[in-house]
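Working notes for the structure below.
Values in this text are rule-based calculations from the coordinates and carry no lab data. Treat the numbers as computed from the prediction; the structure is a model and nothing was measured. Every residue, glycine among them, receives a Cβ derived from its backbone with ideal geometry; neighbour counts consider all protein chains shown.
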Amino acid sequence: MNLDTLIPVVPNPNIPVISPGDTVKVSIKVVEGERERTQVSQGVVIRVRKGSANANFTVRRIAHGVGVERTFFFHSPSIEKVEVLRHGQVRRANLYYLRGLTAKKARIKEKRPKGERAGR
């Protein structure tokens, strides 16, 4: 039995098309007791899992010298917005190798527009 037949899955309109290697800024609604606030998490998308109800993406960032990964569901109503800051040029679907790299080695080149050529 499929989960989408039991529960209607409504995609979140605030999430643009993202791919691995993109640097994104994710704004999430966090409820603490009776207060609700927005928490921003910025990092590199290391994995995008497609599917229907369980489609998700994982964002990795370095916080106080420690690597932090967080997984967000595409259909989650708690995501307020996702901003794509940079489109990265990568050749892999899952960027797990970034876990072992730090500083300059962990940088990802930016994807150039299609019409732009180097050296001319």
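Things worth noting here:
- Local charge for Ile28 was computed over the other residues whose Cβ lies under 10 Å away, with Lys and Arg +1 and Asp and Glu -1, and equals +3.
- A straight Cα-to-Cα reach below 17 Å connects Lys29 with the aspartates and glutamates Glu80, Glu83, residues fewer than 8 places away in its own chain not being considered.
- Counted charge near Thr38, where neighbours are those whose Cβ lies closer than 12 Å (Asp, Glu -1; Lys, Arg +1): +2
- Relative contact order [Cα under 8 Å, 6+ residues apart], the chain, whole percent: 28
- Under 25 Å from the Cα of Lys111 - lysines, other chains or at least 8 residues apart: Lys25, Lys50, Lys81
- Per-residue Cβ neighbour counts within 10 Å put Lys25, Lys105 in the sequence Lys105, Lys25, beginning with the fewest.
- Between the amide H of Lys111 and those of His87, Gly88, Gln89, distances stay under 5 Å, these residues lying 5 or more places away or on another chain, with hydrogens modeled in the peptide plane.
- Calculated semi-axes √(5λ) of the Cα gyration tensor in Å (choose from (1) 25, 17, 16; (2) 55, 15, 10; (3) 28, 19, 15), label: (3)
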